[in-house]
Amino acid sequence: MGKRSATAQGLRKPVTCGAILGDQRVYLLVEGRKALGVLKVGRKRLFVEAPFRRNDFADVRNAFQEIEPLCALDFYVHEKCQRAGFGHHLFDAMIQRERIFPEQMGYDRPSPKLLGFLQKHYGLCKHKPQNNNFVVFDAFWDNGSKHGSDRGSPMNLPGTC
Ligand code: ACO
């Protein structure tokens, strides 16, 4: 699945291989002995530019921030099964298990398919282009979202685009 994922994303080598996981976690969607999808997540330290909010004072100290969100690092559903809800099923299982909301995560070099997926299922679209390859959605900075302390259990969120 790691190799197939790399091919689907046009990468030279797989991002996911069973031997070197460290503190990252891999979620597999299986049917019998067949793997249908794979999703790898792990924490990454990111230096990102936060979106400017109207009631923020223009303060450059707040413009760039270091964050360490859980990130989607590799996400792939077999070509024969795409656009049938399997990716949603797998991603939902991950956010339930990780006790996180999709907007609290970072996304490593998301493909157009993943961006469409996140918009469709979780209403995520607005984000500021960053110098690294990661996407952190504006909703990450909303009250209560950054630390996720005052929210209930993960669920699908209404569209915010
Ligand atoms: N073209 C455009 N959008 C797509 C496509 C596609 N070929 N496939 C899925 N999507 C998006 C759309 O929003 C689609 O909704 P729609 O059919 O109404 O337009 C939605 O995803 C479908 O949702 P699911 O069926 O739950 O998702 P799926 O099972 O297809 O899994 C995934 C999504 C993992 C992105 C899959 O399409 C895939 O493996 N793509 C190829 C590899 C890839 O791009 N992976 C992400 C790389 S970035 C990273 O890993 C951090």
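The values are calculated or read from the model by the stated rules, or taken from the named source; none is laboratory data. Please read these numbers as outputs of a predicted model, since none were measured by experiment. Here the Cβ is made from the backbone with ideal geometry for all residues, glycine too, and neighbour counts use every protein chain on show. Note: areas computed on protein heavy atoms with side chains; ligands, DNA, RNA excluded. Shrake-Rupley method; radii C 1.70, N 1.55, O 1.52, S 1.80 Å.
What to note about this one:
- Any hit, the range 43-57, residues being at pLDDT 95 or above and either touching a Leu at 6+ places or on another chain (Cβ under 7 Å) or closer than 19 Å to GLY123 by Cβ (or both): yes
- Test result for LEU11, without any contact (Cβ under 8 Å) to a residue 24 or more places away in the chain, under 16 Å from the mean Cα position of the chain (by Cα) and open to solvent by 50 Å² or more (accessible area, probe 1.4 Å): no
- Looking only at residues in the range 28-52 that are more than 21 Å from the chain's Cα centre (by Cα) and part of a loop (DSSP other than H, G, I, E, B), the one that is surrounded by the most Cβ atoms within 10 Å (Cβ to Cβ) is PHE52.
- Scanning the range 70-122 for residues that are over 19 Å from LEU46 (Cβ atoms), of a type in the set (D, E, K, R) and either open to solvent by less than 60 Å² (accessible area, probe 1.4 Å) or part of a strand (DSSP E or B) (or both) turns up just one, ASP92.
- Screening the candidates PHE64, PHE140 for the property of being more than 15 Å from the ligand (Cβ to nearest atom), at pLDDT below 95 and closer than 13 Å to ALA50 by Cβ yields one hit, PHE64.
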